[in-house]
Amino acid sequence: MPSSALERFLRYIQVDTTSDPESKTHPSSEGQKELARFLAGELTELGLEEVNISPESVVTATLPASAGFDDVPVIGWIAHMDTAPGTPGRCTGAKVLTCQGGPITLDSGTQIPESSYLRETIGSKIVVTDGTTLLGADDKAGIAAIITAAEQLLSDKSLEHGKIRIAFTTDEEIGEGVLFLDPEQFGADWALTVDGERTGTINRETFSAERAVLTVEGVDIHPGAAKDVMVNAVTILADILCGIPKELAAENSCDRQPYINVYESTATIAEASAQIILRSFDDEGMEKVRAALINTVNRVRDENPKAKITLRYEVQYRNMREKLDERPEILESLEEAVRRAGIDPVWVPIRGGTDGSVLTEKGLPTPNLFTGGANYHSTTEWLSVEGLEAAVRTLVALASSSAKKG
Ligand SMILES: [Zn+2]
C-alpha cells in the first residue's frame, strides 16, 4: 500500500534535523544523519537505483528512464533535510485540521495570524504545530513530495518519463546546502528545488547577496588620561551604524527594494566590528546600498582620522534570473507542469536565496517549486495538504511532459 505525501511528511518531521551553525561537522547535527539513513532505506525499498549517502549525509538516487526514453534531458529534484536553527525542530505535536481561516489558536496559545493564504485555503486540510516547535514543511514537505512523485512514476508504467536524479541535501539553513553536491557528479541537465511556499508559486529570481565586515581599530587608555589620546571604537562604530539611512534597513524594505542589514556586532574601545549583509535583486539596487554604506563610513572616517576603519566585501550568491532567462524552455515546462497539476502558476521573486541560486551559478539551472507551506522557521509554520499534493502532481507532470518533448 503506497504512502501518501502527507503520511510521509508526518513521519519525517518527527526527526530533529535542526542544523547547527556552531558545529564544525558535516552534517552539522546527528538528526540529519538519522533522516538520511531513513530516506535512503525508503528510496531503496521503492526500487530507486544508485541510492547513496555521502560522508556528509547528502542522499542521492536515480529514477531510471522508462524504456526508450534514455535520450530525454535528465531532471534533478532537490530538497533539504535540515530545519532552521533558532526554533525547536522535532515536531511531535502536528495536527491535521480543516482550515477555517485565521487567526488559528494553537495548543500552546500561540496564534497563526490571519493571511490571504489562510483565507484562500478555507475548507481544505492543513497541518499545524502545537505552537512549541516549527513544523518542518521547510523542507520536509519537499522531500515528501519528491519521494511520492517518484513512487507514482515507478508504479504507474503508463507515465513515461526520462531519467530523474534526486538529491536530499544537508545544512541548507546555515548556507552549506550545496557545498557537498557537485553539479557535475549529480548529472542532471537542469534541476528543481522543491523548497518554495504558497501553492502555485514558482521562483526563478532570488536576491543577489553580499556580505560586508566593518572593523574599527581604536586606541585604549585609562579614561582619566584619555584627553586627545583615546580613540573609542565603540562610539565610532555606533556612529557609522546609526548613520546608515534608515529607509534602507531590512525592517523598512519590502517587495523589490534592496536592503542593508547589520546582524551582529562586537565592540571594545580598542576594537569594534559589525557584520552586515546587502541584498538586492539588481545591480542598481546593490550599487545604491553599497554607496550608502561607503558614504557613511567615509564621513565617519573623516571625522575620526586617528581611527583605522576598514570595510571588506564578499559576494555570497547572485540572482539566478540572469542565467535562468537563458533557458526559457525550462521555465516554460515548469509553468506548464504546474498548470497540468490544476494550479495557476505565479512567478514570485524570493527575498532570500535558495540552493538553486548557487547551483544555477555553478551551471545547473535550478528554479524553485512551491510545497504549500507558510510561515517558515517559526512555531506558526503550517502546510496546505492540497499544496503538497499539487507539488507531487507537478513533479509527475514535469517528468512525463519532458519525456514527450524529448
Ligand atoms: Zn528551505
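Any read-out appearing in this document is the output of simple, stated calculations on the displayed coordinates, not a laboratory observation. Keep in mind that what you see is a predicted model, and the values were worked out from it rather than measured. Cβ: placed from backbone, ideal geometry, glycine included. Neighbour counts: every protein chain shown.
Which residues' amide hydrogens lie under 5 Å from the amide hydrogen of L192, considering only partners 5 or more residues apart or on another chain, with H built in the peptide plane?
Under 5 Å from the amide H of L192 lie the amide H atoms of G76, W77, I78, each far enough along the sequence or on another chain.
If you plug each phi of segment 106-111 into the Karplus form 6.51 cos²θ - 1.76 cosθ + 1.60 with θ = phi - 60°, what whole-Hz ³J(HN,Hα) values come out, in order, with x for Gly and Pro?
Calculated HN-Hα couplings, in order: 8, 3, 6, x, 4, 10 Hz.
When a footprinting reagent is the concern and you count Cβ atoms within 10 Å, what order do H26, H161 take, fewest first? Don't skip to the answer; put the middle values down first.
Values: H26 16, H161 24.
Exposure proxy ranking, most exposed first: H26, H161.
Please give the helix 283-303 orientation as an angle from the longest Cα principal axis of the chain, in degrees from 0 to 90, rounded to the nearest 10.
20
What's the extension gain from D344 to Q14 if we count 0.36 nm per residue and subtract their Cα-Cα distance? Intermediate results must be reported in sequence, preceding the final value.
Values: separation 330, 0.36 × 330 = 118.80 nm, distance 3.19 nm.
Computed gain between D344 and Q14 is 115.6 nm.
For the chain, which longest stretch is free of loop sites, where a loop site is one of the GluC sites (Glu not before Pro) that DSSP puts outside H, G, I, E and B and that has at most 14 other Cβ atoms within 10 Å? Mind dumping the intermediate values first?
Numbers: sites that count: E22, E114, E326.
With a cap of 14 other Cβ atoms within 10 Å, the longest stretch comes to 115-325.
Could you pull out the pairs from K33/K140; K323/K362; K246/K288; K95/K140; K163/K323; K227/K306 whose alpha carbons sit more than 20 Å apart here?
On the way: K33/K140 14 Å; K323/K362 10 Å; K246/K288 13 Å; K95/K140 16 Å; K163/K323 23 Å; K227/K306 13 Å.
Pairs exceeding the cut-off: K163/K323.
Arrange the following residues from fewest to most other Cβ atoms within 10 Å of their Cβ: L153, L39. Don't skip to the end; give the middle numbers.
Details: L153 20, L39 26.
Listing L153, L39 from fewest to most nearby Cβ atoms yields L153, L39.
Give a residue-ordered list of calculated ³J(HN,Hα) values for segment 18-31 (Karplus: 6.51 cos²θ - 1.76 cosθ + 1.60, θ = phi - 60°; whole Hz; x for Gly, Pro).
These are the phi-based 3J(HN,Hα) values: 3, 7, 10, x, 7, 5, 9, 9, 10, x, 7, 9, 5, x Hz.
Which order results if M81, M230, M286 are arranged by neighbouring Cβ count within 10 Å, fewest first? Provide the component values of the computation, followed by the final result.
On the way: M81 32, M230 17, M286 20.
Going from sparsest to densest Cβ surroundings: M230, M286, M81.
Over the chain, calculate the relative contact order: mean separation of alpha carbon pairs under 8 Å at least 6 apart, over the residue count, as a percent. Mind showing how you got there, number by number?
Working: 946 pairs, mean separation 93.9, N = 406.
23 percent.
Taking the Cα centre of the chain as the origin, how large is its charge dipole in debye, to the nearest 20, when only Lys and Arg (+1) and Asp and Glu (-1) carry charge on their Cβ atoms? It would help to have the intermediate numbers written out before the result.
On the way: 38 positive and 63 negative charges, 92 e Å.
The dipole magnitude comes to about 440 debye.
Would you mind telling me which residue in G224, G162, G352 has the biggest mean-square fluctuation in a Gaussian network model of the chain, where springs connect alpha carbons within a distance under 10 angstrom?
G224
So if I restrict to the alpha-carbon atoms in the chain, what is the Rg, and what is Dmax, the biggest pairwise distance, in Å?
Cα radius of gyration and Dmax of the chain are 23.6, 86 Å respectively.
If you find the alpha carbon centre of segment 1-64 and of segment 344-406, how far apart are they in angstrom?
Distance between centres, Cα-based: 19 Å.
Considering the zone a paramagnetic label at T235 would reach in this model (a point 7 Å from Cα along the Cα-to-Cβ line), which residues of segment 195-228 have amide N under 17 Å from it?
216-228
Residue by residue through segment 342-356, which ³J(HN,Hα) values in whole Hz follow from phi under the Karplus form 6.51 cos²θ - 1.76 cosθ + 1.60 (θ = phi - 60°), with glycine and proline marked x?
Values, residue by residue: x, 10, 7, x, 10, 7, 10, x, 8, 7, x, x, 10, 3, x Hz.
Can you give me the long-range amide H partners of V51? Hydrogens built in the peptide plane at 1.01 Å from N, cutoff under 5 Å, separation of 5 or more residues or another chain.
It is T62, by chain and number.
Enumerate the amide H contacts of M320 below 5 Å, restricted to partners 5 or more residues apart or on another chain; note that Pro and chain-start residues carry no placed amide H.
T206
Calculate, axis by axis, the spread of Cα positions in segment 305-347 along the three principal axes, and write the results as whole Å, longest axis first.
Result, largest extent first: 66, 21, 11 Å.
Round to the nearest 0.05 the FRET efficiency obtained for N52 and E247 when R0 = 60 Å and r is the Cβ-Cβ distance. Walk me through the intermediate numbers first.
On the way: r = 49 Å, r/R0 = 0.82.
Calculated transfer efficiency: 0.75.
Based on the Cβ-Cβ distance from E22 to T98, what FRET efficiency comes out when R0 is 45 Å, to the nearest 0.05?
Numbers: r = 41 Å, r/R0 = 0.90.
The pair E22/T98 has a calculated efficiency of 0.65.
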